[in-house]
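The block underneath contains the structure these notes are about, expressed in structure tokens.
The values are calculated or read from the model by the stated rules, or taken from the named source; none is laboratory data. Source: prediction; values computed, not measured. Cβ placement follows ideal geometry from the backbone for every residue including glycine, while neighbour counts extend to all protein chains displayed. Quick note on the areas: whole protein, heavy atoms, side chains included, nothing else; ligands and nucleic acids left out. Shrake-Rupley method; radii C 1.70, N 1.55, O 1.52, S 1.80 Å.
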Amino acid sequence: MRRRLGAAISAGWWRCLSVFGLSQKRWRSLPRTTRRAVKGLVWTGIGLLLVAFLGVWEWSALVIAAIVLVLVVPSWNRLVVSGHRIGQWIPTIAILVLAVTYPFYASSTTGVSTGLPQLPVFGTFPLMSTMVNMGIFTMMALGLNFVVGYAGLLDLGYVAFYAMGSYMAGWLASSQFSQVNVRFGGIGVIQGLTGIHISIWLVLLLAGMVTALVGIVIGLPTLRLRGDYLAIVTLGFGEILPQIARNGDSLGGFNLTNGTGGISPIDPPGFGSWLHRHFDLPANFGALGTTFDRTYFWTILVLVLLTIFCSARLRDSRLGRAWIAIREDEIAAAAMGVPLMRTKTWAYATGAFFGGVAGAFYASYNGSSNPDEFYFQISVFILVMVILGGMGSIPGVIFGACFLTYLNSEGLNNIGAWLNGHFGPGGSDFEIWHKPLDVPQYNFGIYGVILVVVMLFRPEGLIPSSRRAAEFHEGVREESLYDVEHGAPISDATEAV
Amino acid sequence: MPALATILVALLVVWLVVNFAKGPAYFTTIAFIGLTNGALYALVALGYTLVYGILELINFAHGDVFMLGAMFSATMLLSVFHLTPHASTGKLIVAIVGSLVVAMAACGILNAVIERVAYRPLRGAPRLAPLITAIGVSFILEDIAIAWKGPSYVSVPSLLPKGAVFSVGGVTYTWEKFIVVLITVPVLLALTWLVKRTRQGKAMRATAQDRDAAAMMGIDVNRTISFTFLIAGALAGTGGLVYALYFGQVRYDTGYQLGLIAFTAAVFGGIGNLPGAVLGALCIGFIQAFNEGLVWHAPGSDWTESIVFGLLILILVFRPEGLLGERTPEGA
């Protein structure tokens, strides 16, 4: 039904255009770059018109539109210079440069957004703290992408790994276990402070490894379950681990997690005095003051780049190809000699690793690991990022994570303020509702709508990987032999694919 | 593994016996609480099992349909029937039956609409797609509840009489608990009759067995599935009414918590199996009540979720077909 609707809209569209002498055939014969440019310009025009209609007209909208056009319209990957396809790196490098220099043009040193004018509807540019969160959630979403996107296993308890990482940082870099006194490269630890203080850089790695181990322990008994059962079991673990964290202040009389109070303070990372003296790297992130957020931002950027690198390399490795084979057809993959259990467990462990690192980093950034942060909604929040952007697609997942984190931290607030200002009580346009609307309160409902709409209309996500898209559209005619809705054999429908 | 299971069950039995010996009257009172909880869980668990049996879909939104059912019931009881504590028996019965009908109809229709909008278009898609939309719908329903009733608890004053049905040796069985069973049992009997004896029930069973074959036999599969969702929703509505009457506090996230427990009950009994869901729900009800109520070495309410989910994981790993289910290729 959906497909027929789409076909009808497309047919109507081409009929309209053919009045002006542009047939579908002629359009297809145009060079690809021209087509992209025209498409991009038309969409930009529509967007700008909408913005103008809504009464917000800022030059920043034009600048952003121009940047997006330059990045999207030309087929950059066709640019070949002396045999090297350097063109494909241009959009990536441009985005990276924009990201790295963000603290200089978009916000003042105190993290308040001042450098750029306000965006229409969305308001100010994201604060530095939001940018750090974006990085952390991007890392987690990329980690979940190993499990959901590559191996096709639905994990509804990813928050357990995040919690595990966070508590690893809490245990190994704070004064939680004051019975012992262990120090190893901890930065900024006051002399005479008891507890385990290990350098955060090492803790990040350890947290990742221990969390991966937890992933394996969880995965081994459960991974032979079929898709939806696995989802529920992971959900179960995602509820149990945080509950242990909440109740862990007296496990047999031992204070493991400090209960609902959480563990704090957690040591900040730093490079130590030697590197500070010789290379001007910050000695201790905790003592930075105004450049605190941006230093964390660059650090998480490096971690995200590492994650992207691992994602891309693992995807193309023997293991990654095995994951994708399992996702596409488990039985066929097993018949081809892919060891199901081992391959799935590796997907789980890899996903858990990055979740753990991100969790530990988050704990270090916040200075605490708090059980209130670990609940089911966060698991789904990360899942929405992966699904919105496109399961298995690295750029898609990054986009989804950044966009949704932004919405969650500031975007919904800003949009709500804008909506209330224009349509709320005493609004400048028309007063539609008479009590201020609390948009951020409905955040998870909005994510729910995103989940449903994406699954119904674009299951491959906004920036899909071509392979996954093909899979989703092929899947439609897989299930039943007979189309019970229209009474026609399914084989006819394949033409529409 | 059987040895481990035997040891666990033996420990459980010892624990129960010691607790019983320490205070038989108290133990029985706690058991009555478990029975009441179990009856409530059965209503919700049946909805999961019905839908899973026919579509093999974990209807994640079911718990939230139940939660909206409780909110419908609270509204009906308080704002439409203006029921107050210590109302006359006649008025109480009229109000309960009236609210029950409205809650069942509203939740049934809501559930059928959800199926039509969010699950039917994905009938042929990869298996996880409808599960993901179900999670989305669950969040949407929670936000509908927030928009309707706000983020804090909706309270229903205790409307049911608290007098004793019978009292033997210090153990009293109160009317409020008995009314829960009194509402639940007829609904369960009606459901059994519907599935076993009617034409529509036969169509449901046929569709659950083999959708394609059922379609070839002239069964309108989509209508049957819609009907199943309607029934499941109506059961959730009944559960909602019972919850509003008995527990008296509903919030937007009530459905998520209780839904997961009910789902565990459905899996425990053998998902897709109707008597199994009831049995599983009673077991979970007892486990929860004993855990929260008993004094001798009970982990306490802080650990209820962990115990229920731990149980769920153990069952799914070691006996995916549940207590009464048949062995299916799903698990092993």
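Among the conditions (1) among the charged types (D, E, K, R); (2) surrounded by fewer than 19 Cβ atoms within 10 Å (Cβ to Cβ); (3) closer than 30 Å to B:Arg116 by Cα, the only one that B:Asp64 does not satisfy is (2). Exactly one residue out of B:Leu230, B:Leu182, B:Leu194 is of a type outside the set (Val, Ile, Thr) and open to solvent by less than 60 Å² (accessible area, probe 1.4 Å), and it is B:Leu194. The residue pairs whose first member lies in segment A:434-456 and is part of a loop (DSSP other than H, G, I, E, B), whose second member is open to solvent by 10 Å² or more (accessible area, probe 1.4 Å), and whose beta carbons are closer than 7 Å, counting only pairs six or more residues apart or on different chains, are A:His434/A:Pro425; A:Lys435/A:Pro425; A:Pro436/A:Asn420; A:Pro436/A:Pro425; A:Leu437/A:Leu419; A:Leu437/A:Asn420.
Let's see how each residue does on (1) on the phi < 0 side of the Ramachandran plot; (2) in contact (Cβ under 8 Å) with a residue 12 or more places away in the chain; (3) part of a helix (DSSP H, G or I):
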site	(1), (2), (3)
A:Tyr229	yes, no, yes
A:Phe237	yes, yes, yes
A:Leu241	yes, yes, yes
A:Pro269	yes, yes, no
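Filtering segment B:108-121 to residues that are open to solvent by less than 10 Å² (accessible area, probe 1.4 Å) and within 7 Å of chain A (Cβ to nearest Cβ) leaves only B:Ala118. When A:Arg294, A:Arg327 are checked against the criterion of being assigned by TED's automatic domain parsing to the domain that holds A:Leu142 and crowded, with 21+ Cβ neighbours inside 10 Å, a single residue qualifies: A:Arg327.
Condition test on A:Ala231, is it touching a Pro at 6+ places or on another chain (Cβ under 6 Å) and either assigned by TED's automatic domain parsing to the domain that holds A:Phe374 or within 19 Å of A:Tyr162 (Cβ to Cβ) (or both)? When the stated conditions are applied, A:Ala231 does not pass them. Of the candidates A:Leu412, A:Leu419, A:Leu407, the single residue that is part of a helix (DSSP H, G or I) and open to solvent by 30 Å² or more (accessible area, probe 1.4 Å) is A:Leu419.
Does B:Ser152 satisfy being more than 19 Å from B:Gln257 (Cα to Cα) and polar (S, T, N, Q)?
no
Residue-wise test of (1) hydrophobic (A, V, I, L, M, F, W, C); (2) in contact with a strand residue (DSSP E or B) (Cβ under 8 Å, 6 or more places away or on another chain); (3) farther than 30 Å from A:Ala333 by Cα.
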| site | (1), (2), (3) |
| --- | --- |
| A:Tyr162 | no, no, yes |
| A:Val182 | yes, yes, yes |
| A:Gly186 | no, yes, yes |
| A:Thr194 | no, yes, yes |
| A:Gly208 | no, no, no |
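Could you go through segment A:14-28 and let me know if any residue there is closer than 30 Å to A:Phe423 by Cα and either exposed (fewer than 14 other Cβ atoms within 10 Å of the Cβ) or at pLDDT below 75 (or both).
No, segment A:14-28 contains no residue that is closer than 30 Å to A:Phe423 by Cα and either exposed (fewer than 14 other Cβ atoms within 10 Å of the Cβ) or at pLDDT below 75 (or both).
When residues in segment B:81-96 are screened for being open to solvent by less than 80 Å² (accessible area, probe 1.4 Å), under 16 Å from B:Leu241 (Cα atoms) and part of a helix (DSSP H, G or I), 3 of them pass.
Regarding segment A:203-219, can at least one residue be identified that is open to solvent by less than 70 Å² (accessible area, probe 1.4 Å), in contact with a Ser or Thr (Cβ under 6 Å, 6 or more places away or on another chain) and modelled with pLDDT of 85 or more? The answer is yes, given that some residue of segment A:203-219 is open to solvent by less than 70 Å² (accessible area, probe 1.4 Å), in contact with a Ser or Thr (Cβ under 6 Å, 6 or more places away or on another chain) and modelled with pLDDT of 85 or more.
Restricting to segment A:444-475, name every residue that is open to solvent by 30 Å² or more (accessible area, probe 1.4 Å), away from chain B (no Cβ under 11 Å) and more than 17 Å from the chain's Cα centre (by Cα). Correct list: A:Arg458, A:Ser466, A:Arg467, A:Ala470. Each residue in segment B:195-210 was checked for being within 21 Å of B:Gly47 (Cβ to Cβ), assigned to a helix (DSSP H, G or I) and without any contact (Cβ under 8 Å) to a residue 60 or more places away in the chain, and 9 of them qualify.
Note on segment B:251-287: residues that are open to solvent by 30 Å² or more (accessible area, probe 1.4 Å), of a type in the set (S, T, N, Q) and part of a helix (DSSP H, G or I) total 1.
Can you find even one residue in segment B:321-332 that is more than 10 Å from chain A (Cβ to nearest Cβ), open to solvent by less than 10 Å² (accessible area, probe 1.4 Å), farther than 30 Å from B:Pro161 by Cβ and more than 12 Å from the chain's Cα centre (by Cα)?
Yes, that holds for at least one residue.
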